[in-house]
1. Please work out which one of (1) more than 9 Å from the ligand (Cβ to nearest atom); (2) among the hydroxyl-bearing types (Ser, Thr, Tyr); (3) part of a strand (DSSP E or B) is the condition Thr199 fails and give its number.
2. Do we have Ile4 as aliphatic (A, V, I, L, M) and in contact with a Leu (Cβ under 9 Å, 6 or more places away or on another chain) here?
3. For Thr199, indicate whether it is within 17 Å of the chain's Cα centre (by Cα) and either at pLDDT below 95 or over 20 Å from Met149 (Cβ atoms) (or both).
4. For Val97, state whether it is surrounded by 18 or more Cβ atoms within 10 Å (Cβ to Cβ) and touching a helix residue (DSSP H, G or I) at 6+ places or on another chain (Cβ under 8 Å).
5. Looking at (1) away from the ligand (no atom under 16 Å from the Cβ); (2) open to solvent by 20 Å² or more (accessible area, probe 1.4 Å), can you tell me which one Val14 breaks?
6. Going through the stretch 161-179 one residue at a time, which ones are over 11 Å from Lys150 (Cα atoms) and either in contact (Cβ under 8 Å) with a residue 60 or more places away in the chain or away from the ligand (no atom under 13 Å from the Cβ) (or both)?
7. Against the definition (closer than 17 Å to Val174 by Cα and open to solvent by less than 30 Å² (accessible area, probe 1.4 Å)), how does Gly25 come out, yes or no?
8. Does the stretch 102-117 contain at least one residue that is within 13 Å of the ligand (Cβ to nearest atom), in contact with a strand residue (DSSP E or B) (Cβ under 7 Å, 6 or more places away or on another chain) and of a type outside the set (Lys, Arg)?
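The values are calculated or read from the model by the stated rules, or taken from the named source; none is laboratory data. Bear in mind that the values here come from a model prediction, so they are computed numbers and not experimental data. Note that each Cβ is placed from the backbone with ideal geometry, even for glycine, and that neighbours are counted across all protein chains shown. To get the accessible areas, we keep the full protein, side chains included, count just its heavy atoms, and leave off ligands, DNA and RNA. Shrake-Rupley method; radii C 1.70, N 1.55, O 1.52, S 1.80 Å.
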Amino acid sequence: MRLITTIEEMREVVHDLKKSGKTIGFVPTMGYLHAGHATLIDRARTENDVVVVSIFVNPLQFGPQEDYASYPRDLERDSAICQEHGVDFVFAPSSNVMYPKGTVDVFVDVRRLDQNLCGRFRPGHFRGVLTVVMKLFNIVQPDRAYFGMKDIQQLRIIEEMVNDLNWPVQIVAVPTVREDSGLAMSSRNTYLSEEERKTATAIYQSLQMARQLIEAGERDASAICDKCIEFLERVGLRVQYFQVVDYDSLQLLRTVSGKVIVGVAAFVGKARLIDNVVLEVS
Ligand code: AMP
């Protein structure tokens with residue numbers, strides 16, 4: 001495995017790989033890797049000749065009040081995990097390498113698809129995500145790129161980006177990896193105390209509750225959301241949103257039908273955690 005920190009070196013490697021006809025599987029991450037990331041890597045390993053993992057905490061996607069400075073970082077540990085999982089190249093550029101001007105003057109932006117779920121509460125977040133993903137795609141030129149369904153809005157918007165802008169990359173969606181308790185794995189789980197980690201399991205329980213209500217015939221989205229929010233607040237979580245949106249348009253639904261996303265964001269202590277389930281409702 002080789003660690004690469006400059007765009008020039010990454011480009012040279014990619015040039016040689018393309019020349020020899022190798023397929024490139026790419027897993028973009030912000031590091032502090034866990035079993036969720038490892039699942040994306042393993043999937044990429046089985047489907048491509050070469051696997052590239054990027055590790056970059058992207059300042060452009062954090063709001064001024066968010067946790068950019070305190071986001072957990074440990075390149076040595078991440079490199080060891082990548083090595084164990086058969087990664088060929090780790091691309092870990094500094095912020096200066098990615099943003100030599102400190103920022104960019106040209107962005108990739110999104111409309112409509114960022115109106116609900118996280119986009120509603122994190123203005124500019126998806127613009128930051130799309131811009132860095134486009135930069136990384138331009139540098140790594142992957143045949144396939146792997147994204148987790150844990151960040152379902154991100155996945156959906158990236159699918160639309162490559163479709164709308166005709167980028168020749170296949171986006172592969174990987175199901176959410178959970179702890180035994182149901183808690184979705186996240187680098188931000190390191191912010192949680194033992195006690196908070198237990199409380200956080202209510203997030204997945206609330207999604208299961210929504211699923212059960214729908215299975216029992218409830219189709220009124222606000223009735224479902226109200227019940228789930230009440231449950232979360234009762235166990236001590238501060239809910240930012242609990243929404244049911246259409247899978248394709250990401251627009252809020254009054255009546256639950258078709259392929260839907262039930263998504264939640266809630267604060268447990270100072271940690272903001274998100275989770276979702278995708279349901280097909282007849
Ligand atoms: P991050 O480092 O949090 O930006 O995540 C990098 C990639 O890993 C994204 O595509 C995430 O959706 C994915 N990911 C993070 N956590 C999980 C998880 N628990 N299960 C599946 N994929 C995940």
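1. (3) is the only condition that Thr199 fails.
2. Working: aliphatic (A, V, I, L, M): yes; in contact with a Leu (Cβ under 9 Å, 6 or more places away or on another chain): no.
The answer is no for Ile4.
3. Working: within 17 Å of the chain's Cα centre (by Cα): no; either at pLDDT below 95 or over 20 Å from Met149 (Cβ atoms) (or both): yes.
Taking the combined requirement at face value, the residue does not satisfy it.
4. On the way: surrounded by 18 or more Cβ atoms within 10 Å (Cβ to Cβ): no; touching a helix residue (DSSP H, G or I) at 6+ places or on another chain (Cβ under 8 Å): yes.
It is false that Val97 is surrounded by 18 or more Cβ atoms within 10 Å (Cβ to Cβ) and touching a helix residue (DSSP H, G or I) at 6+ places or on another chain (Cβ under 8 Å).
5. (2)
6. Of everything in the stretch 161-179, those that are over 11 Å from Lys150 (Cα atoms) and either in contact (Cβ under 8 Å) with a residue 60 or more places away in the chain or away from the ligand (no atom under 13 Å from the Cβ) (or both) turn out to be Met161, Val162, Asn163, Asp164, Leu165, Asn166, Trp167, Pro168, Val169, Gln170, Val172.
7. On the way: closer than 17 Å to Val174 by Cα: yes; open to solvent by less than 30 Å² (accessible area, probe 1.4 Å): yes.
When the stated conditions are applied, Gly25 passes them.
8. In the first step, residues of the stretch 102-117 are kept if they are within 13 Å of the ligand (Cβ to nearest atom); the result is none.
Within the stretch 102-117 (the criterion being within 13 Å of the ligand (Cβ to nearest atom), in contact with a strand residue (DSSP E or B) (Cβ under 7 Å, 6 or more places away or on another chain) and of a type outside the set (Lys, Arg)), the answer is no, since none of the residues qualifies.
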